[in-house]
1. Would you point out which residue out of VAL38, VAL62, VAL45, VAL49 is within 19 Å of LEU110 (Cα to Cα) and at pLDDT below 90?
2. Can you tell me which of (1) over 30 Å from LEU211 (Cα atoms); (2) free of Cβ contacts under 8 Å to residues at least 12 places away in the same chain; (3) surrounded by 15 or more Cβ atoms within 10 Å (Cβ to Cβ) is the one ILE63 doesn't meet?
3. Quick one: is THR64 under 18 Å from VAL173 (Cβ atoms) and of a type in the set (Ser, Thr, Tyr)?
4. Determine the pairs where a residue that is on the phi < 0 side of the Ramachandran plot, located within region 18-47, has a partner that is surrounded by fewer than 16 Cβ atoms within 10 Å (Cβ to Cβ) and hydroxyl-bearing (Ser, Thr, Tyr) with Cβ atoms under 9 Å apart, the partner being 6 or more residues away or on another chain.
5. Here are SER169, SER197: which of them is over 14 Å from the mean Cα position of the chain (by Cα), hydroxyl-bearing (Ser, Thr, Tyr) and either modelled with pLDDT under 95 or more than 29 Å from ALA43 (Cα to Cα) (or both)?
6. Looking only at residues that are in contact (Cβ under 8 Å) with a residue 12 or more places away in the chain and aliphatic (A, V, I, L, M) in region 48-60, which one is farthest from SER169 (Cα to Cα)?
7. More than 24 Å from PHE39 (Cβ to Cβ) and hydroxyl-bearing (Ser, Thr, Tyr): does that describe SER169?
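The values are calculated or read from the model by the stated rules, or taken from the named source; none is laboratory data. Keep in mind that what you see is a predicted model, and the values were worked out from it rather than measured. Cβ sites come from the backbone with ideal geometry, for glycine too, and all protein chains shown count toward neighbours.
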Amino acid sequence: MGFITESLKTALALIVSLDREVFSAVWTSLSVASWSIVFATLAGVPVGVAVGLGDFRLKRAVITLLNTLMGMPTVVIGVLVYSFLSRRGPLGGWGLLFTPKAMIIGQTILAIPIVASYTVTAVKGADWRILPTAYTLGAGRVQSMAQLLREARFGVMAAVVAGFGRVISEVGVAMMVGGNIRVYTRTMTTAIALETSKGEFAMGLALGIILMAVALGVNLLLQTLQLGKQP
């Protein structure tokens, strides 16, 4: 018990003192996760709208695929991205492997199904009369879609928040394509794994506390959005 208490005291001291090692990993995590969710939103929301509004033969199969991809192991995505970005891969000449850009690519792929699936649910739950009403009033297709997204904005924001929560806490992609390089690609999750394996429990605990605080903030934001949707 004394070991845990001392480690907790040291962890809090590292946080309060704004330790460079700790907050370098925090900054890398937040930066990579933020860029990843931006790109995932740009790709996932249109896909979710198209699937949610579309009436095509394989719609149920596509929705099932999106739901399945939401639970895809991060190491699988890491392997796929690594195979493309490695020196022998088709994109090896770009020199992206073991860089933050490679991590962003992998985490974007991880988040797209989450954003798309949540968006499908949000769009299907919106008032279906919005589009025909908008068309009747002379709105174009883009304006009508914008009005629909405005109606479903809480669900779409929840999709974005859920995607961010997924990528900020993942470790497989970050470790495999980022390389866990100190003050460059080391994230909170990869640093926790490394420091704990080295016996530096206090450092891992400090990062764990910050990661839990971020996760708590994300979940509180998601609950706020869900409550805001209720009449």
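1. VAL49
2. Among (1) over 30 Å from LEU211 (Cα atoms); (2) free of Cβ contacts under 8 Å to residues at least 12 places away in the same chain; (3) surrounded by 15 or more Cβ atoms within 10 Å (Cβ to Cβ), the lone unmet condition for ILE63 is (2).
3. For THR64, the condition - under 18 Å from VAL173 (Cβ atoms) and of a type in the set (Ser, Thr, Tyr) - is not met.
4. Sorted first by the residue in region 18-47, then by its partner, the pairs are SER24/TYR184; THR28/TYR184.
5. SER197
6. The qualifying residue farthest from SER169 (Cα to Cα) is LEU53.
7. Answer is no for this residue.
Here is a yes/no grid of residues against (1) at pLDDT 85 or above; (2) surrounded by 13 or more Cβ atoms within 10 Å (Cβ to Cβ); (3) part of a helix (DSSP H, G or I); (4) on the phi > 0 side of the Ramachandran plot:
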residue	(1), (2), (3), (4)
ALA134	no, yes, yes, no
GLN147	no, yes, yes, no
VAL160	yes, yes, yes, no
GLY165	yes, yes, yes, no
ALA174	yes, yes, yes, no
ARG182	yes, no, no, no
ALA191	yes, yes, yes, no
GLY204	yes, yes, yes, no
